[in-house]
Amino acid sequence: MIKIADIHVSTVLLPFRFAFKHSLASRSHSTNVIVRVTLENTLSGATVFGLGESVPREYVTGETCESAVDEIKGNFAGTLVGRSFADERKPTDSACRLLEQTASAMNVYGRRIGASFCALELALLDAAARLEKTSICNWLAEKNTRTACDFINYGGVIPFGKPNALTALLYFYRLYGYKTVKLKVGDDPELDIFTVRKARELLGNSTVIRVDANCAWDFDQTVEFSKRVKAFNVASIEQPVPYDHLDELVELTKSVQPEIVVDESLCTVEEAENLARMKACGGFNIRISKVGGLIAAQKIVDIALKHGIKIHLGAQVGESGILTAAGRALGCANPPFENYEGAQNFFLLKEDLTKENMTHGLGGKGKMPQGHGLGATVNESNLSRLMVKLKAANAQPGSAAIEAKGRGLHV
Ligand SMILES: [Mg+2]
């Protein structure tokens, strides 16, 4: 019999090489939740473990690292520890069913608690797939009746910065060969127009340019922006208005030329269904951590495909190689997304948690994860050194740099 023998929750602090700033926050490090699930064969006593990660952000889902750890320890772990798999020949399918039952019983797909569930979900799937000696990517592709593709091409993201830094980054991105670049906007109207104009000038006409306002605008400001950037061919405007302004999103989707992509408005499977039903957007930004893990993310992809909504793979700033591997698996196991974000691990993180370098290569090329489970092997030495107690994390030098702005505290 295969049973869930142990669930261990910890937190890590990952320092950045530079501060990353957008309309809702600025940060110089990320505190992430790590879950280790141990499976045991009760006959042989053999064990296998899997790792999962999430990046709780209060201004996205309302969760903090503290609330996520409490939720996992207080609710999810107690329900799952000691449970055994119904079908030992297909442990990944068994783990998936168990996770879906738990999610359903606790309304995970209807509440904004994705970052609490995600780390646990990824860890259990990782362990089960390792036991089965298969990769999550191939398992997911098979469920989708597809053959996983060999690689995906990520786009670049440009945070707020001074004009000189913007110019330097745009030159670098052009040299690196990104086909898509997303600009963070919403700080100042004139600066936003300058940023878009500069990007088009330096990247040329063949690069897709998108913008992300992170809830910074109202309806009129969004319309005004879309008029002013018409000549620069902006493909999409992500989350222009606050997350709960759904009627405005519906009107904007009808009336502005760039595609309206939702991000902060899309944190659960139920929200995806509602947004699709309301025709409140043309695209979903799907970040595995905020929506509750890979199973939830796949459900949201399926909703999008059914309703003709474009899919964008998003990422939380500060994801380690574990979440990067999960995102890569989702991307490679599905039809092409409009855009893939993330996998800038080496450029952003001073140290990573995986032995494999999950950073994409030139042109944003990220290869399908090799190996079993998520395809990432934990660097135990880095993991134990970067592990922190939450109070210690909050007292770290630089933590004052994490400041959610007032308008972002909306959950
Ligand atoms: Mg966004």
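Would you mind stating whether GLN221 is touching a helix residue (DSSP H, G or I) at 6+ places or on another chain (Cβ under 8 Å), in contact (Cβ under 8 Å) with a residue 40 or more places away in the chain and surrounded by fewer than 24 Cβ atoms within 10 Å (Cβ to Cβ)? Break it down into steps so the answer makes sense when it comes.
Values: touching a helix residue (DSSP H, G or I) at 6+ places or on another chain (Cβ under 8 Å): yes; in contact (Cβ under 8 Å) with a residue 40 or more places away in the chain: no; surrounded by fewer than 24 Cβ atoms within 10 Å (Cβ to Cβ): yes.
Taking the combined requirement at face value, the residue does not satisfy it.
Looking for something small (Gly, Ala, Ser), touching a strand residue (DSSP E or B) at 6+ places or on another chain (Cβ under 9 Å) and closer than 27 Å to GLY364 by Cα - is there at least one such residue anywhere in the range 204-215? Break it down stepwise before answering.
Just the residues of the range 204-215 that are small (Gly, Ala, Ser), to begin with: 204, 206, 213.
Those left that are additionally touching a strand residue (DSSP E or B) at 6+ places or on another chain (Cβ under 9 Å): 213.
Narrowing further to those that are closer than 27 Å to GLY364 by Cα: 213.
Yes, that holds for at least one residue.
Among the residues of the range 256-271, what is the count of those that are under 18 Å from ASN339 (Cβ atoms) and either within 10 Å of the ligand (Cβ to nearest atom) or in contact with a Phe, Trp or Tyr (Cβ under 6 Å, 6 or more places away or on another chain) (or both)?
So the count comes out to 6.
Out of the residues in the range 99-113 meeting the condition of being part of a helix (DSSP H, G or I) and touching a residue at least 40 places away in the same chain (Cβ under 8 Å), tell me which one is surrounded by the most Cβ atoms within 10 Å (Cβ to Cβ).
Going through the qualifying residues, I end up with LEU99.
Residues that are modelled with pLDDT of 95 or more: which helices (runs of 4 or more DSSP H) entirely in the range 299-411 hold 2 or more of them?
On the way: elements: 321-332, 345-348, 380-386, 390-394.
Per the criteria, 321-332, 380-386.
Give the residue, chosen from PHE172, PHE194, that is over 30 Å from ASP93 (Cβ atoms), surrounded by fewer than 15 Cβ atoms within 10 Å (Cβ to Cβ) and touching a helix residue (DSSP H, G or I) at 6+ places or on another chain (Cβ under 8 Å).
After ruling out the rest, the residue left standing is PHE194.
Of the residues ALA326, ALA280, ALA315, only one is within 16 Å of the ligand (Cβ to nearest atom) and within 27 Å of ILE72 (Cβ to Cβ); which? Before you say what the answer is, go through the steps one by one.
Details: ALA326 fails: within 16 Å of the ligand (Cβ to nearest atom); ALA280 fails: within 27 Å of ILE72 (Cβ to Cβ).
Answer to the selection: ALA315.
Inspect the range 273-291 for any residue being of a type outside the set (Ser, Thr, Tyr) and in contact with a Phe, Trp or Tyr (Cβ under 7 Å, 6 or more places away or on another chain) and give the result as yes or no.
No.
For the range 60-82, state whether one or more residues are in contact with a Cys (Cβ under 9 Å, 6 or more places away or on another chain) and surrounded by fewer than 24 Cβ atoms within 10 Å (Cβ to Cβ).
yes
Checking ARG146 against (1) within 23 Å of the chain's Cα centre (by Cα); (2) touching a residue at least 12 places away in the same chain (Cβ under 8 Å); (3) part of a helix (DSSP H, G or I), which single condition isn't satisfied?
Against the list (1) within 23 Å of the chain's Cα centre (by Cα); (2) touching a residue at least 12 places away in the same chain (Cβ under 8 Å); (3) part of a helix (DSSP H, G or I), ARG146 comes up short only on (3).
Of all the residues that make up the range 154-165, how many are buried (at least 19 other Cβ atoms within 10 Å of the Cβ) and not in a loop (DSSP other than H, G, I, E, B)?
3
If a residue counts only when it is more than 16 Å from the ligand (Cβ to nearest atom), without any contact (Cβ under 8 Å) to a residue 40 or more places away in the chain and not charged (D, E, K, R), which strands (runs of 3 or more DSSP E) contained entirely in the range 2-58 have at least 1 such residues?
2-21
From (1) surrounded by fewer than 16 Cβ atoms within 10 Å (Cβ to Cβ); (2) in the same structural domain as GLU40 (by TED's automatic domain parsing), pick out the condition that doesn't hold for CYS118.
(1)
Which of the residues that make up the range 178-221 are within 16 Å of the ligand (Cβ to nearest atom) and in a loop (DSSP other than H, G, I, E, B)?
If the condition is that a residue be within 16 Å of the ligand (Cβ to nearest atom) and in a loop (DSSP other than H, G, I, E, B), then VAL185, GLY186, ASP187, ALA213, ASN214, CYS215, ALA216, TRP217 are the ones that fit.
If I go through the range 355-371 residue by residue, how many of them are surrounded by 14 or more Cβ atoms within 10 Å (Cβ to Cβ), closer than 22 Å to GLY177 by Cα and not β-branched (Val, Ile, Thr)?
9
Is it true that GLU63 is more than 16 Å from the ligand (Cβ to nearest atom), among the acidic types (Asp, Glu) and assigned to a strand (DSSP E or B)?
Taking the combined requirement at face value, the residue does not satisfy it.
Using the structure shown, decide if MET387 is touching a Gly at 6+ places or on another chain (Cβ under 7 Å) and of a type in the set (A, V, I, L, M, F, W, C).
So MET387 does not fit the description; no.
Conditions: (1) in contact (Cβ under 8 Å) with a residue 60 or more places away in the chain; (2) buried (at least 24 other Cβ atoms within 10 Å of the Cβ). PRO240 meets all but one. Number of the miss?
Failed condition: (1).
Which is farther than 25 Å from GLY114 by Cα, of a type in the set (Val, Ile, Thr) and out of contact with any Gly (no Cβ under 7 Å at 6 or more places or on another chain), of VAL241, VAL269, VAL223?
Details: VAL241 fails: farther than 25 Å from GLY114 by Cα; VAL269 fails: farther than 25 Å from GLY114 by Cα.
After ruling out the rest, the residue left standing is VAL223.
Please verify whether the range 81-95 includes one or more residues that are assigned to a helix (DSSP H, G or I), within 16 Å of GLN298 (Cα to Cα), not assigned by TED's automatic domain parsing to the domain that holds GLY318 and not hydroxyl-bearing (Ser, Thr, Tyr).
yes
The values are calculated or read from the model by the stated rules, or taken from the named source; none is laboratory data. A quick note: this is a predicted structure, and the numbers were derived from the prediction, not measured. Heads up, the Cβs are rebuilt from the backbone with ideal geometry, glycines too, and the neighbour counts pull from every protein chain shown.
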